[in-house]
Amino acid sequence: MTVGATKSRNKKSQGLTIALSKGKLLGPVLHLLKQAGYHSPGLSTESRKLVFACSSNDATFLIVRPTDVPTYVEHGAADVGVVGKDVLLEQGSDVYEPLDLKVGACRISVAALQGLPSPDRWSSKIRVATKYPNVTERYFNQRGVPVEIVKLYGSIELAPIVGLADRIVDLVETGSTLKAHDLAEVEVITHSTARLIVNRASLKLKHEPLKVLIERLRTAVAVEDGNRAASRA
Ligand SMILES: Nc1ncnc2c1ncn2[C@@H]1O[C@H](COP(=O)(O)OP(=O)(O)OP(=O)(O)O)[C@@H](O)[C@H]1O
Ligand SMILES: O=P(O)(O)OC[C@H]1O[C@H](OP(=O)(O)OP(=O)(O)O)[C@H](O)[C@@H]1O
C-alpha cells in the first residue's frame, strides 16, 4: 500500500495514525504497544521504513524524529503520538495528553563544570547552552537570573569544556555522560517520561478507537510498572 493510499484509507475509516519517536523511546514504546495488542511484523528499532500498517488493528504507525511528533499530531497528520514530556514542555504544543507511559524516564537539569558557584550567586548574565531554549529561559527568568541562551542540537556536554557556555541545560538519566565530561548536575528543572498525545479533533472524530487504544495502553503501562516495581523489590 502506498503512503497516500494509507492516508486516504485512514481519513475515511476510523483507523488511527500513530506517530512514534524514533531513537531511545522506540524500543520501550513498541513493547508497550505490543502488550496493548498493536503491532506490525516489520516494525522494529532496526527498520529503515517510516510507515507501517498495524497487523492487529486498523491503524498505521509513522516513525518520525522525536521533536517532530507534536507537529504531526497538532496538525492532524497523526491522530495520536508518543513523545517525551521534555519535548512537550519545550514546544508547548496544543495537544491532549491523556497518558504517562512511564518509560524514557530522565530529568532536565542544569549542569556545570565541577566546582563552579551556583546560579543565584551570579550577578552578571550567564551563558547557557541547551537543546531546550524555552524551558531554560522560563526556568532562569523565574529565578531572576539573567541568561544568554546558546541553542545547540546535540553533544551539549561539550559546550562548557570549550568555553561556549558557563552552564548547560540537558537531559540526565544515569549521569554518566555528565561524569565523563567532569560536569556536575547543579539543579533538576523537571522530570520527564514518554507521553501519549492526541490531536484535539481526532478526540471527537475517532473517539471510539482512541478510547480503546488509551485504555489498553493504560493497562499495559500498569502491568509494566508493576513488573518494574517487583524487580526492584
Ligand atoms: N538518556 C536518556 N534517558 C532516558 N530518556 C532519554 C534519554 N535521552 C533522551 N531521552 C528521551 O528520549 C527522547 C528521544 O531522545 P533521543 O536521544 O532518542 O532523540 P534526540 O536525539 O533527542 O532527537 P532528535 O534526533 O530529534 O535530536 C527524549 O526527548 C527524551 O524524552
Ligand atoms: O545521564 P545519561 O544516562 O548519560 O544520559 C544523558 C545523555 O542522553 C542524551 O544524549 P543523547 O544520547 O540523546 O545524545 P544527544 O542529546 O547529544 O543527541 C542526553 O542529551 C545526554 O547527553
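Things to note:
- Helix-only mean residue ellipticity at 222 nm for the chain, each DSSP H run of n ≥ 4 adding -39500 (n - 2.57), per residue, nearest 500: -10500 deg cm²/dmol
- Debye, to nearest 20: dipole size of the chain, +1 on Lys, Arg Cβ, -1 on Asp, Glu Cβ: 660 debye
- Highest average packing first - 43-51, 81-89, Cβ atoms within 10 Å: 81-89, 43-51
- A simple count of charges around residue 150, restricted to other residues whose Cβ falls under 11 Å of its Cβ and scoring Lys, Arg +1 and Asp, Glu -1, yields +2.
- The stretch 83-194, relative contact order [Cα under 8 Å, separation at least 6], %: 44 percent
- Rounded to 0.05, the FRET efficiency of the residue 148 and residue 94 pair, given R0 = 30 Å and the Cβ-Cβ distance, is 0.55.
- The Cα-based radius of gyration and maximum Cα-Cα distance (Dmax) for the stretch 106-191 are 11.5, 32 Å.
- The label point for residue 138 and the one for residue 203, both projected 7 Å from the Cα toward the Cβ, are 1.8 nm apart.
- Each Cα pair under 8 Å and six or more residues apart adds its separation to the average, and for the chain the resulting relative contact order is 26 percent.
- The stretch 65-107 residues near the modelled residue 45 label - backbone nitrogen below 19 Å, point 7 Å along Cα→Cβ: 65-67, 82-85, 101-107
- Exposure of residue 191 as accessible area (Å², to 10), given a probe of 1.4 Å and all protein chains: 120 Å²
- Inter-site label distance for residue 127 and residue 211 at 7 Å from Cα along Cβ, in nm: 5.6 nm
- Separation between Cα centres of the stretch 44-104 and the stretch 145-216, rounded to whole Å: 15 Å
- Projected onto planes of every orientation and averaged, the convex hull of the alpha-carbon atoms in the chain covers 14.4 nm².
- Extension gain (nm, one decimal) between residue 176 and residue 193, 0.36 nm per residue minus Cα-Cα: 4.2 nm
The values are calculated or read from the model by the stated rules, or taken from the named source; none is laboratory data. The structure presented is a predicted model; accordingly, all values stated were derived computationally and were not measured. With ideal geometry, Cβ positions are generated from the backbone for all residues, glycine too; neighbour counts draw on all protein chains shown. All accessible areas refer to the heavy atoms of the entire protein, side chains included, with ligands and DNA or RNA removed. Shrake-Rupley method; radii C 1.70, N 1.55, O 1.52, S 1.80 Å.
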